[in-house]
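Notes follow the structure.
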Amino acid sequence: MQKRTSREAVVNALCLMVLDFQKWMIAETKAMHHWKNQSTPTAIVEGRMIDDVQAQLDSYRKLGEKSAVLPRLLLSVQRIKEAPDVSQIIGVPFERNAVIPTDPKQRKVAIRTIPRSYRVQYAFVVNDPDSAQSFTDQFTSYIQLLEKRRIEIEYEFTSDVKDKWHLTIFDNSIFPDSASVEESNITIGLLDFTMSGLLPQIVSGLPQYGEPDDKEVPPAFHVVVEADMYPDVDDPHLRQKADPDTGERTKEWIEKGNQP
């Protein structure tokens, strides 16, 4: 059974991105050094709290005094209702036949894709304005690297069938900023950006969301193992064969009157 939704897969990838940034960044202050060495540097807050840093901070504090330590990076992800610009992302609304490489049973599925965009906000909460500025400066520089702007998302179709796709952060969507809250001793560095990509959808050939993995489903398509090319003409024609187990393909010419 699929355990993770597409949005949860995106959030997981963004948390992994933070771990990569931790290794890349340079600690310029005591607070940044402390954050760089945290094993769980990110706290996830609800996407509806995006732009409301006070609500994000209050939600984080509800985790308890032991968990609510500073500095901390708060992550909120909100799906954008509008489809991405067609000049950036074009979906494939029609179905295509495929086999997911990670599927141990190599089942034949029908797959399509739809464009999807997310707005992402990182809020670095710290009681040192120099650390907040250092975070936004360094993360902005980090995200300018082309290889860092393509985020690998591992989507889960069943518990043992996963596939990796990409979401791209477009250059003109990166906005570093700062925010203030009621407490005067807390500074928040903000980094806001949009990322877009294709969301794969399995139409048939695998159990759907909520169904058990062992549910038997018919294949989405069948492999043609033998076909005659132009069998209606009088001249010799070509017959192609494929072994469904080995994938080996053979060809032979069939003379006139030598058809089964």
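Some observations on this one:
- Residues whose amide H lies under 5 Å from that of ILE174, counting only those 5 or more places away or on a different chain, are absent; hydrogens are built 1.01 Å from N in the peptide plane.
- Relative contact order of the stretch 38-156, defined on C-alpha pairs under 8 angstrom at six or more residues apart (%): 25
- Principal axis dimensions, the stretch 114-185 - Cα atoms, whole angstrom, descending: 48, 27, 19
- For LYS251, the aspartates and glutamates whose Cα falls under 13 Å of its own Cα, not counting residues fewer than eight places away in the same chain, are GLU226, ASP228, ASP243.
- In this structure, the amide hydrogen of THR187, modeled 1.01 Å from its nitrogen in the peptide plane, lies closer than 5 angstrom to those of VAL126, ASN127, ASP128, counting only residues at least 5 positions away or on a different chain.
- Calculated from backbone phi, Karplus (6.51, -1.76, 1.60) coupling profile of the stretch 110-124 in Hz, x at Gly/Pro: 10, 10, 9, 10, 10, x, 8, 10, 10, 9, 10, 9, 9, 10, 8
- Cβ charges +1 (Lys, Arg) and -1 (Asp, Glu), total dipole of the stretch 24-145, debye: 760
- Kirkwood's formula applied to the C-alpha pairs of the stretch 1-48 gives a hydrodynamic radius of 12.4 angstrom.
- Taking amide H positions as modeled 1.01 Å from N, with prolines and chain starts lacking one, the residues under 5 Å from SER204 and 5 or more places away or on another chain are ALA110.
- Each label was represented as a point 7 Å from its Cα along the Cα-to-Cβ direction; for LEU146 and TRP253 these points are 4.9 nm apart.
- Derived scalar couplings ³J(HN,Hα) [the stretch 6-23; Karplus, 6.51 cos²θ - 1.76 cosθ + 1.60; whole Hz; x for Gly, Pro]: 4, 5, 5, 5, 5, 4, 4, 5, 5, 5, 5, 4, 5, 4, 5, 5, 3, 5
Laboratory data are not the source of any read-out in this text; all were calculated from the coordinates shown. For clarity, every value in this text was computed on a predicted model and none was experimentally measured. Cβ sites come from the backbone with ideal geometry, for glycine too, and all protein chains shown count toward neighbours.
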